[in-house]
Amino acid sequence: MTVHGKCRRTQTCPASGVRPGEMGTVAEIKAAAAKRGIPCSVVPLDSQFRCGGSDAYLRWVVRLLGLEPGGPVAWEPDGRMQLLVAESPQEMEAFLQARRTHDYGARMSAGYCWPWSPEPKPGDPLPPDVVIGDWARPWNLRGDRSVSGAPPAALWATDPAGFGQVGCVYTAQGFEYDWSGVIIGPDLVWRGDRWITDRTASKDLVFRRSTPATDVDRLIRNTYKVLLTRGMVGTIVYSTDPETREKLRDLVRGGLQRQPAQV
């Protein structure tokens with residue numbers, strides 16, 4: 001960012017690229033500014049407004065995903081963010097729909113683990129690409145026009161008609177909504193004492209064969225960091241993998257049924 005001729009970097013967390021080739025670390029920005037003779041001031045942020053202003057939740061997410069050292073830790077409610085684990089996508093969607101009846105905004109998003117069909121012709125139903133058992137929902141639209149009552153991609157996070165479509169990271173990134181439902185797909189599973197990323201489970205075409213495995217691992221984890229930090233009031237998370245759900249239940253004490261979130 002250039003402000004009055006000065007490059008200003010205001011980020012304290014690690015780079016969160018979700019596509020190969022994305023960049024934006026402090027060192028990279030300072031180097032680029034130096035090449036152009038632009039003074040660069042780094043301004044650390046003492047606080048943030050994402051996720052209800054809950055620094056504890058942001059730290060929990062990066063620890064959960066192994067983006068900071070120390071490993072996952074149990075979630076300790078801080079009165080700012082609510083966190084729940086769902087046992088099924090149906091349970092997650094029903095919970096979010098209930099929040100909407102109390103005038104909260106809510107959206108569902110997922111890792112890019114299901115194919116994405118071309119957009120249908122006007123009047124045709126959206127293809128239900130995200131299929132988990134007998135539950136199926138369409139991805140959000142890609143284009144800049146409404147189709148079959150669904151809003152264009154740029155309005156998915158803000159138009160009430162966006163509920164019912166599953167957002168991908170490229171649509172959800174940069175937006176926030178009150179309640180966030182996140183589906184962790186088979187590209188990120190918990191095994192024993194660590195996360196395992198499976199590039200073969202991803203349908204994201206940006207992960208070419210030439211993309212190094214270490215880069216794919218980082219990008220998949222960053223993808224879920226983005227998805228898990230969209231909610232301003234709370235997050236409800238579901239994993240398609242049973243062992244991963246068990247790990248999440250261990251970390252998030254008081255499940256959806258036993259300790260309903262406040263409305």
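Nothing in this text is a laboratory measurement; each read-out follows from the coordinates by a stated rule. As the structure is a computational prediction, the values presented were derived from the model and not from experiment. Cβ coordinates were reconstructed from backbone atoms using ideal geometry, including for glycine residues, and neighbour counts include every protein chain displayed.
Mean-square fluctuations from a GNM of the chain, with a 10 angstrom spring cutoff on Cα atoms, peak among ASP159, ASP178, ASP144 at ASP144.
Length gained on full extension, VAL131 to ARG253: 41.1 nm, using 0.36 nm per residue less the C-alpha separation.
For the pair SER88 and ILE38, the difference between a 0.36 nm per residue extended length and the Cα-Cα distance amounts to 12.8 nm. Applying 0.36 nm per residue to the separation of ARG80 and LYS30 and subtracting their alpha-carbon distance, the gain on full extension is 14.6 nm. Please work out the Cα center distance from the range 159-213 to the range 28-107, rounded to the nearest Å. Each part reduced to its Cα centre gives a spacing of 15 Å.
Overall shape: rounded for the chain, with the ratio a/c of the largest to smallest alpha carbon gyration tensor axis below 1.5. Counting Lys +1, Arg +1, Asp -1, Glu -1, what net charge surrounds TRP195 among other residues with beta carbon under 10 Å of its beta carbon? Counting the neighbours of TRP195, the net charge comes to +2. Cα-Cα over 29 Å: which of LYS30/LYS203; LYS121/LYS203; LYS30/LYS247? Violating the 29 Å Cα-Cα cut-off are LYS30/LYS203; LYS30/LYS247.
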